[in-house]
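First up is the structure itself, then whatever we jot down about it.
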Amino acid sequence: MTRRVLPGLALLATAACGRLQTLPASPPQTPESWLANQPWVQLRLGSRSLLLIQPSSTLLIYLLGLAGLALGLRAWRGRHGQRARAWWGLGLALWGLGALLAGTSYQAFGWEIKCAGRATCAWTSWWEVFYLLLTVAAVDALLVAQAHAGAAGRRRRALLAYATANAGVYSVVVLAGAFGPVAFLVSFELLVLFAAPSVLLCLGLAAWPQGRARTRLDRTLVGAWLGLLLVLAAYYLYLVLGLTQRLWARGVWFSENDVLHAGLVPWMLVMGVLVAPRLGDQAEP
């Protein structure tokens, strides 16, 4: 019985995973038209050649990813028994890992992953699905960290419950969208809808601390979270105005994703260098 069931489950899982690739790019594109819309270079690796898409954008998002991983591991190693610092380090590291996955599929090797060998390009990939999962988990981990640092009692328990539920529900929704497949459920827009409340809760924790006056750390966090919201606003404004296409027509590649990542690099440095070493657990009353 086991010999029959296990191969069947493996075949079912493979087929389900493959369905994600049936979502077509929007608007539909051939591999050739996809390449015509962005910069790329050809890399030689022995006898194999690979196309590297958006070289400058790839460098920027990989810088963000490596910074997040390095700063997250630094905060984790320096936690000294502080749960707030441990969760902060985990959040930054998850964000960095997610950025590396996103950069690999959206930028660096997007053509190889979503277009090579196909008549029409796929809209997304499992690299991007895991990026979505890790990014929302990262934001909720940062919320857990701030709950330990800036709340106590019922308020802390409520925040921890929300962060856990938000990450869990989002994971179920995204995986359902990936196996469905349903494009909106594996979109950046849905990621923002799930991450935004956690960001606002983090902002609120810093702006209105529980039972104490605001500290310099609180003010830094308020500025950082407001900065993140401004970066997202700049991303959407750049996208709506169509500035990527206008600049590309003039031979200058700087996309809305570059706006997002260029803003997130200094944000990540603030979170890892200025905030992480100063985080500590708030004692329960």
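The values are calculated or read from the model by the stated rules, or taken from the named source; none is laboratory data. As the structure is a prediction and not an experimental result, all values here were calculated from the model. FYI the Cβ positions are ideal-geometry reconstructions off the backbone, even for glycines, and counts take in every protein chain you see. The protein model used for the area step is the full one, side chains on, heavy atoms only, and it has no ligands, DNA or RNA in it. Shrake-Rupley method; radii C 1.70, N 1.55, O 1.52, S 1.80 Å.
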Item checked: Furthest towards positive pole of dipole, L20, A119, V174, structure part the chain, Cβ charges -> V174
Checklist line | Relative contact order (%) - the chain, alpha-carbon pairs under 8 angstrom, separation at least six | finding: 23
Checklist line | Placed amide H near A151: partners under 5 Å, 5+ positions off or other chain | finding: Q282
Check: Ordered by packing density, taken as the mean number of other Cβ atoms within 10 Å over each peptide's residues, highest first, how do 36-43, 269-276 rank?
Finding: 269-276, 36-43
Notebook entry, point to check: At a Förster distance of 25 Å, what's the computed FRET efficiency of A233 paired with R212, Cβ-Cβ distance as r, to 0.05?
Noted result: 0.25
Note to self: Students often check this: by mean Cβ neighbours within 10 Å, which of 196-206, 20-30, 62-72 ranks highest, and how do the rest follow?
What the structure shows: 62-72, 196-206, 20-30
Notebook entry, point to check: Can you pull the percent of the chain's accessible area that's carbon plus sulfur, 1.4 Å probe, other chains left in place?
Noted result: 69
Next item on the list: List, in order, the whole-Hz ³J(HN,Hα) value for each residue of the range 175-181 obtained from phi through the Karplus relation with A = 6.51, B = -1.76, C = 1.60 and θ = phi - 60°; use x for Gly and Pro.
Entry: 5, 4, x, 6, 7, x, x
Margin query: Could you give the length gained by full extension between S47 and V265, i.e. 0.36 nm per residue of separation minus their alpha carbon distance, to one decimal place?
Written below: 74.9 nm
Margin query: Quick check: residue separation of A161 and A176 times 0.36 nm, minus the Cα distance between them. What number comes out in nm?
Written below: 3.2 nm
Next item on the list: Compute the accessible area per residue over the chain, keeping the other protein chains in place, probe 1.4 Å, unit Å².
Entry: 49
Notebook entry, point to check: Given a Förster radius of 22 Å and the C-beta distance between R83 and L274 as r, what FRET efficiency does 1/(1 + (r/R0)^6) yield to the nearest 0.05?
Noted result: 0.65
Item checked: DSSP loop trypsin sites (Lys or Arg not before Pro) with at most 11 other Cβ within 10 Å excluded, longest remaining stretch of the chain -> 1-211
Notebook entry, point to check: Tell me, in nm to one decimal, what length is gained between E189 and Q245 on full extension, where the rule is 0.36 nm per residue of separation less the Cα-Cα distance?
Noted result: 18.1 nm
Margin query: Give me, ordered by chain and number, the residues 5 or more places off L23 or on other chains with an amide H under 5 Å from its own placed amide H.
Written below: W123
Next item on the list: Per residue of the range 61-76, in order, report the coupling 6.51 cos²θ - 1.76 cosθ + 1.60 (Karplus, θ = phi - 60°) as ³J(HN,Hα) in whole Hz, putting x for Gly and Pro.
Entry: 6, 5, 4, 4, x, 5, 5, x, 4, 5, 5, x, 5, 5, 5, 5
Checklist line | Estimated vicinal HN-Hα couplings, Hz - the range 154-170 in sequence order (Karplus 6.51, -1.76, 1.60; Gly, Pro = x) | finding: 4, 4, 5, 4, 5, 5, 5, 5, 5, 4, 5, 5, 4, 5, x, 5, 4
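Where a ≥ b ≥ c are the square roots of the eigenvalues of the C-alpha gyration tensor, would you call the range 138-285 rounded, which needs a/c under 1.5, or, failing that, prolate if a/b is larger than b/c, or oblate? Before the final figure, lay out each step's value.
Values: a/c = 2.98, a/b = 1.45, b/c = 2.05.
In terms of gyration-tensor shape, oblate.
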Next item on the list: For helix 256-269, report the angle its Cα long axis makes with the longest principal axis of the Cα atoms of the chain; keep it between 0 and 90° and round to the nearest 10°.
Entry: 30
